[in-house]
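Since the structure comes first, as structure tokens, the remarks are kept for the end.
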Ligand SMILES: Nc1ncnc2c1ncn2[C@@H]1O[C@H](COP(=O)(O)OP(=O)(O)OP(=O)(O)O)[C@@H](O)[C@H]1O
Ligand code: SF4
Ligand SMILES: [Mg+2]
């Protein structure tokens with residue numbers, strides 16, 4: 001069936017690049033660029049959660065923002081439901097944006113402290129002219145119920161809530177325009193461990209109820225294991241591996257993924273006792289001046305001469321398992 005095929009891919013990212021210019025001196029001459037995202041390609045399937053993992057500064061948030069056009073890409077294509085977002089402007093972009101929302105890491109900084117919870121959640125509806133007056137009030141109450149908060153809370157202010165509750169308010173706001181795709185940018189990293197699972201469970205329930213598609217960003221692999229359908233690993237502006245959950249956790253191929261996984265404790269005590277931790281030597285190089293060839297070569301335990309000479313292609317080595325490494329056969 002044609003619709004079954006269409007169901008597969010919701011978002012296709014091709015050769016996405018986002019560089020931030022660096023200016024210096026009296027005349028603010030451009031002296032270089034931070035290569036935050038440097039030519040990445042992948043897709044996100046309808047209804048899935050794609051986990052996106054990597055160390056601080058590797059370009060995860062920039063990827064999320066460039067997909068949503070909150071940062072305009074330097075080059076590349078972002079295709080959302082058959083629409084090329086990079087070239088959309090004005091009203092068309094505004095309308096398409098309703099379908100794509102973002103949930104932020106810091107539930108303290110991302111909510112305006114001077115607005116009531118009702119105003120925060122209802123604001124997108126008013127800005128997009130989708131409701132007014134009593135309609136907004138009713139919708140806000142519904143949204144609060146959806147995220148399991150008391151609807152009577154709508155007249156309170158963000159400071160009256162705990163971190164977990166504030167993150168629920170952020171989720172309610174993101175849902176107000178009935179999006180189909182949400183970038184969850186480290187939504188649980190700032191929360192207590194005891195609260196993290198509650199927020200993850202809520203996101204999963206909402207995904208099921210509204211057939212939502214998620215890009216779920218986190219800095220370590222243990223955080224996305226439970227929620228992800230597939231997982232992508234980034235290093236210094238590039239994607240190094242992408243596979244379904246079982247493929248990535250059970251048969252990682254890239255040396256960087258292997259190193260990250262070696263730091264994740266295994267629940268089985270026998271396996272845990274024989275876990276060998278791989279410590280990566282050295283610091284992450286600057287994205288303003290990345291190494292030639294393979295970006296990971298300055299820290300890779302098995303690097304060879306070729307690794308400095310050419311950039312490994314991000315290729316599909318077994319169906320659905322992509323990796324960028326010269327030495328993976
Ligand atoms: N608006 C900006 N202007 C200039 N440089 C930026 C901007 N946003 C991000 N960068 C730089 O781009 C690189 C990637 O940043 P990004 O925020 O995407 O990383 P991240 O993987 O989300 O990190 P974290 O885990 O710390 O959130 C970093 O070197 C960062 O300093
Ligand atoms: S291409 Fe070379 S440096 Fe890069 S991950 Fe593979 S072996 Fe290591
Ligand atoms: Mg980030």
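Throughout, read-outs are computed from the coordinates displayed, never taken from laboratory work. All values reported here derive from a predicted model rather than from experimental measurement. Using ideal geometry, Cβ is built from the backbone for each residue, glycine included, and neighbour counts are taken over all protein chains shown.
Apply 1/(1 + (r/R0)^6) to the Cβ-Cβ distance of residue 220 and residue 28, taking R0 = 41 Å, and write down the FRET efficiency to the nearest 0.05.
Values: r = 38 Å, r/R0 = 0.92.
Rounded to the nearest 0.05, the efficiency is 0.60.
Mark the label point 7 Å from the Cα of residue 15 along Cα→Cβ and return the residues of segment 277-313 whose backbone N is within less than 18 Å of it. Answer for segment 277-313: 311-313. Coordinate range of the alpha-carbon atoms in segment 219-329 per principal axis, descending: 42, 31, 26 Å.
If R0 is taken as 35 Å, the Cβ-Cβ distance between residue 41 and residue 137 corresponds to a FRET efficiency of 0.20.
So how far, in whole Å, is the C-alpha centre of segment 191-237 from the one of segment 140-179? One Cα centre to the other: 19 Å.
Counting only alpha carbon atoms, the long axis of helix 193-210 and the longest principal axis of the chain meet at about 70°. Stretched out straight at 0.36 nm per residue, the stretch from residue 211 to residue 329 would grow longer than its current Cα-Cα span by 38.8 nm. Taking every C-alpha pair closer than 8 Å and separated by at least 6 residues, the mean separation divided by the residue count of segment 224-285 gives a relative contact order of 22 percent. Counted residue by residue at 0.36 nm each, then reduced by the alpha carbon distance between them, the extension gain from residue 92 to residue 276 reaches 61.0 nm. Measuring nothing but how far apart in sequence close Cα pairs (under 8 Å, 6+ apart) lie, relative to its length, the chain scores a relative contact order of 19 percent. Applying 1/(1 + (r/R0)^6) with r as the Cβ-Cβ distance of residue 309 and residue 193 and R0 = 45 angstrom yields a FRET efficiency of 0.55. Restricting the calculation to alpha carbons of segment 18-88 gives Rg and Dmax of 14.5, 50 angstrom.
Stretched out straight at 0.36 nm per residue, the stretch from residue 318 to residue 123 would grow longer than its current Cα-Cα span by 65.6 nm. Looking at the chain, the DSSP beta bridges with both ends there are about 65 percent antiparallel. According to the calculation over all Cα-Cα pairs in the chain, the P(r) per 10 Å bin from zero is 5, 23, 31, 24, 12, 3, 0 %. Let a ≥ b ≥ c be the square roots of the eigenvalues of the Cα gyration tensor of segment 87-222; is it rounded (a/c under 1.5), or, if not, prolate (a/b larger than b/c) or oblate? Oblate, because a/c is 1.5 or more while a/b does not exceed b/c.
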